[in-house]
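The values are calculated or read from the model by the stated rules, or taken from the named source; none is laboratory data. All of these numbers come straight from a predicted model, not from anything done at the bench. With ideal geometry, Cβ positions are generated from the backbone for all residues, glycine too; neighbour counts draw on all protein chains shown.
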There are 2 protein chains.
Amino acid sequence: MHWKQINEHVQVWLREVSRQLLLGRKQELQVATKSERTDLVTNIDKQVEKYLVAKIRATFPTSKILGEEGTKDKDLASSQGLLWIIDPLDGTMNYVKQRDCFASMIAVYENGHEKLGYILDVTAQKLYWGGPECGVFCNDERLPKVADLSLAQGLIDVSGRMLMNNYHNVCKMAQTSMGIRVYGSAGISFIHVLTGKTVAYFSHLHPWDYAAGKILAHAQGLSVKGIDDSKFDMLSSDDVLVATKNAEEDILKLLG
Amino acid sequence: MHWKQINEHVQVWLREVSRQLLLGRKQELQVATKSERTDLVTNIDKQVEKYLVAKIRATFPTSKILGEEGTKDKDLASSQGLLWIIDPLDGTMNYVKQRDCFASMIAVYENGHEKLGYILDVTAQKLYWGGPECGVFCNDERLPKVADLSLAQGLIDVSGRMLMNNYHNVCKMAQTSMGIRVYGSAGISFIHVLTGKTVAYFSHLHPWDYAAGKILAHAQGLSVKGIDDSKFDMLSSDDVLVATKNAEEDILKLLG
């Protein structure tokens, strides 16, 4: 399928998603916990996933879908046709506590290949989108390529949990860099690497956390690596590193 | 002196500071290091400090001034008249690497008492300002009081360095909270506590990093504490905790 046939629909859906998320953050949210006390889900996460799944099914009925909030079709690993991986609201904790610094993400695969990725920074009203066939854009403007900086030349974005446990020797990576940042939204962190604001982002991620960012990062000429290679199959969770090629090389040498 | 007499000038100066910082971030910067490799200063930091110092001296000639970039009048500790503590560009690393997430800050003391604080979030075009006599505003709107949440109910903002060294048992504080965030700008981190986006911010700070935020936090009914009380005299560096009263109580119990 031509990427434009998919893109024209997704761009329209994401405008509606933006509207729903902006409206939701003004309201009192129904907040529930999932795997642990700090793993939150709200009525808005569920509402947006429901909206996107309905749109995908109505427009591309043979699609398979994996969504953070429970959508999981059978035979996702089958490589035929369109596969959608969606995170309706990434950074739910930020959405609940800060009403800021959150994203909505969609990844599209076709016949097992990366097709299109979308990360919507709702507060900034910036949609980062693209893929191998069209390149990467921020809204209507093509995103400039980022400089291939080393770890020592830039900031690194990591998960707070990894830092506290010095997981994979991440403290040494942080000390080698120009400093660490922790934002609490994988989507926002991917945007920072895509735009050259950080040279790397390293975190334990689920497929819906990294699927869209991976497609965009590849199209930007950045490296994306699952530390446990065997699990990095677009349907499993892994410790994921997205970085400039130079920073990736530096980080892999430090990896514990 | 009536606070309005000072405020009408500072508001005008900060519009010019905003213009200079926005212009500067589009340009190639002259970047130098200070105490260490990651302690940066640019031509814009110096230019903005020079501008503010000239305006203060011309308008309030008997003022004493302490600025991050070298301005340091004699007898700062003398408690008579106006004392200005200024950070022309807070979050210089972010300014250089991200062109985002930085602030400009001004604190005004009169006869040793807190008078007015200003934190300008340049990217968001939001000026947080106020003091004990007028309350706290964001641009022209009065800032709502924040809920007195406990540590377990909110996010905590810490310095990455403290986290990596578990300084003062900060990892336990992070684990007790809903999560940690690291932004790399004291000004932006103070704003997050002032607006209830985080329940606490804990970092090693210089006077220009905390002076404005301390005045605003007090006027917002928040607690500000120097961990080494004897050094917390508005002219010394200290480990500074700004928090809701409940979160402060929780954090002090965990302090190592």
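Tabulated results
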{"read-out": "Of all residues making up region A:186-196, the number that are at the interface with chain B (Cβ under 10 Å from one of its Cβ atoms) and in contact with a helix residue (DSSP H, G or I) (Cβ under 9 Å, 6 or more places away or on another chain)", "value": "1"}
{"read-out": "Qualifying residues in region A:127-149 (those that are surrounded by fewer than 16 Cβ atoms within 10 Å (Cβ to Cβ) and either within 14 Å of chain B (Cβ to nearest Cβ) or of a type in the set (Lys, Arg) (or both)) - the one nearest to A:Leu254 (Cα to Cα)", "value": "A:Ala147"}
{"read-out": "Per-region count, region B:84-97, residues more than 14 Å from chain A (Cβ to nearest Cβ) and without any contact (Cβ under 8 Å) to a residue 40 or more places away in the chain", "value": "1"}
{"read-out": "Answer residue from region A:1-41, given it is in contact with a helix residue (DSSP H, G or I) (Cβ under 9 Å, 6 or more places away or on another chain) and acidic (Asp, Glu) and is surrounded by the most Cβ atoms within 10 Å (Cβ to Cβ) among those", "value": "A:Glu16"}
{"read-out": "Qualifying residue in region B:94-104 (condition: more than 17 Å from the chain's Cα centre (by Cα) and either basic (Lys, Arg) or farther than 26 Å from A:Val199 by Cβ (or both))", "value": "yes"}
{"read-out": "Residues that are under 21 Å from A:Leu116 (Cα atoms) and surrounded by fewer than 17 Cβ atoms within 10 Å (Cβ to Cβ), drawn from region A:207-239", "value": "A:Gly221, A:Asp233, A:Leu235, A:Ser236, A:Ser237"}
{"read-out": "Subset tally (residues that are closer than 19 Å to A:Val224 by Cα and of a type in the set (Val, Ile, Thr)) for region A:75-114", "value": "4"}
{"read-out": "Out of B:Met173, B:Met105, B:Met162, sole residue that is buried (at least 23 other Cβ atoms within 10 Å of the Cβ), out of contact with any Lys or Arg (no Cβ under 7 Å at 6 or more places or on another chain) and assigned by TED's automatic domain parsing to the domain that holds B:Val199", "value": "B:Met173"}
{"read-out": "Identity of the residue in region B:124-156, in contact with a Gly (Cβ under 9 Å, 6 or more places away or on another chain) and aliphatic (A, V, I, L, M), that ends up farthest from B:Leu21 (Cα to Cα)", "value": "B:Leu149"}
{"read-out": "Tally, over region A:150-159, of residues that are surrounded by 23 or more Cβ atoms within 10 Å (Cβ to Cβ) and more than 21 Å from A:Asp121 (Cα to Cα)", "value": "2"}
{"read-out": "A:Lys50 vs. criteria of a type in the set (Lys, Arg) and surrounded by fewer than 20 Cβ atoms within 10 Å (Cβ to Cβ)", "value": "yes"}
{"read-out": "Test for A:Lys145: is it part of a strand (DSSP E or B) and farther than 28 Å from A:Gln27 by Cβ", "value": "no"}
{"read-out": "Some residue of region B:236-251 being touching an Asp or Glu at 6+ places or on another chain (Cβ under 6 Å), modelled with pLDDT of 95 or more and within 14 Å of another protein chain (Cβ to nearest Cβ)", "value": "yes"}
{"read-out": "Sole residue being surrounded by 24 or more Cβ atoms within 10 Å (Cβ to Cβ), away from every other protein chain (no Cβ under 12 Å) and of a type in the set (Val, Ile, Thr), chosen from A:Ile119, A:Ile180", "value": "A:Ile119"}
{"read-out": "Region A:159-169: number of residues that are under 20 Å from A:Ser223 (Cβ atoms) and either within 9 Å of chain B (Cβ to nearest Cβ) or in a loop (DSSP other than H, G, I, E, B) (or both)", "value": "1"}
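So that you can scan it fast, the table gives a plain yes or no per residue for (1) without any contact (Cβ under 8 Å) to a residue 24 or more places away in the chain; (2) of a type in the set (Phe, Trp, Tyr); (3) under 20 Å from B:Ile188 (Cβ atoms):
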{"position": "B:His9", "(1), (2), (3)": "no, no, no"}
{"position": "B:Asn43", "(1), (2), (3)": "yes, no, no"}
{"position": "B:Val48", "(1), (2), (3)": "no, no, yes"}
{"position": "B:Leu82", "(1), (2), (3)": "no, no, no"}
{"position": "B:Arg99", "(1), (2), (3)": "no, no, yes"}
{"position": "B:Tyr109", "(1), (2), (3)": "no, yes, no"}
